[in-house]
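A.B. asks: Quick one: structure below, then a few questions.
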Amino acid sequence: MKQPAIRVIILLFIFLSLFIFSINVNSTTLKATLTLNGFEKGESGGGPAECDGKYHSDDDPIVALSTRWYNHGQRCFKYININYQDKSVRAMVVDECDSTRGCKDDIVDASRAVWNALQVPKSQYGETGVTWSDA
């Protein structure tokens, strides 16, 4: 076999491996603690969102992710799927829940719209277990 053919086979193998890896990464479901956050001015979220420096409506399905999941803004304006029991909602990442400032490492800090869409009982508002994945 000639040298160029071997290179093509090696490159094809690398490409396919990376492709398969990217599929597996995007389909990962992670356990998290869902917390309730206010994204409007003067609410519990504090200042404006990290992704765009703006406040957002609590009527929109939006979230702040723990620092490691926020990943230096790599998830800004991307969507995640959040699952609670038999319900699911798609929410956009707009902020970081800063783990260096007291936010735990497994937090999906969500707007009221997310909690309502998941139909979490009011008695569990504030903090409950969920799973999530990239949309």
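A.B. asks: First select every other residue whose beta carbon is under 15 angstrom from the beta carbon of Met92; then total the charges, Lys and Arg +1, Asp and Glu -1. Don't jump to the answer; show the numbers that get you there.
C.D. replies: Working: positive: Lys54, Arg75, Lys78, Arg90, Arg112; negative: Glu50, Asp52, Asp58, Asp59, Asp60, Asp95, Glu96, Asp109, Asp134.
Spelling it out: positives minus negatives among the neighbours equals -4.
A.B. asks: Report the local net charge at Thr28: Lys and Arg +1, Asp and Glu -1, summed over other residues whose C-beta lies under 15 Å from its C-beta.
C.D. replies: +2
A.B. asks: Near Lys41, which aspartates and glutamates are there with a Cα under 19 Å away, not counting those fewer than 8 places off in the same chain?
C.D. replies: Answer for Lys41, where 19 Å is the Cα cut-off: Glu50, Asp52, Asp58, Asp59, Asp60, Asp95, Glu96, Asp98, Asp109, listed by chain and number.
A.B. asks: Right, next: Between Lys41 and Gln85, how high is the FRET efficiency from 1/(1 + (r/R0)^6) when r is the Cβ-Cβ distance and R₀ = 30 Å? Nearest 0.05.
C.D. replies: Values: r = 32 Å, r/R0 = 1.08.
Plugging the Cβ-Cβ distance into 1/(1 + (r/R0)^6) gives 0.40.
A.B. asks: Between their Cα atoms, which of Lys31/Lys104; Lys31/Lys87; Lys87/Lys122 are more than 22 Å away from each other?
C.D. replies: Going by Cα-Cα distance, every pair falls inside the 22 Å limit.
A.B. asks: Say the dipole of the stretch 65-135 comes from +1 at the beta carbon of Lys and Arg and -1 at that of Asp and Glu; which of Asn83, Val108, Cys97 then lies farthest toward its positive end?
C.D. replies: Highest projection toward the positive end goes to Asn83.
A.B. asks: Can you tally the net charge around Asn81? Count Lys and Arg as +1, Asp and Glu as -1, for every other residue whose Cβ sits under 14 Å from the Cβ of Asn81.
C.D. replies: Working: positive: Lys31, Arg75, Lys78, Lys87, Arg90; negative: Asp86, Asp134.
Summing Lys and Arg as +1 and Asp and Glu as -1 gives +3.
A.B. asks: Beyond 26 Å, what share of the Cα-Cα pairs of the stretch 17-132 remains, rounded to the nearest whole percent? Each step should come with its number before you reach the end.
C.D. replies: Details: 972 of 6670 pairs.
Tail of the P(r) past 26 Å holds 15 percent of the pairs.
Quick note: the coordinates plus some simple rules give every number you see, no bench work behind them. Being a predicted model, the structure only gives us computed values, none of them experimental. We place every Cβ from the backbone using ideal geometry, glycine too, and count neighbours over all the protein chains shown.
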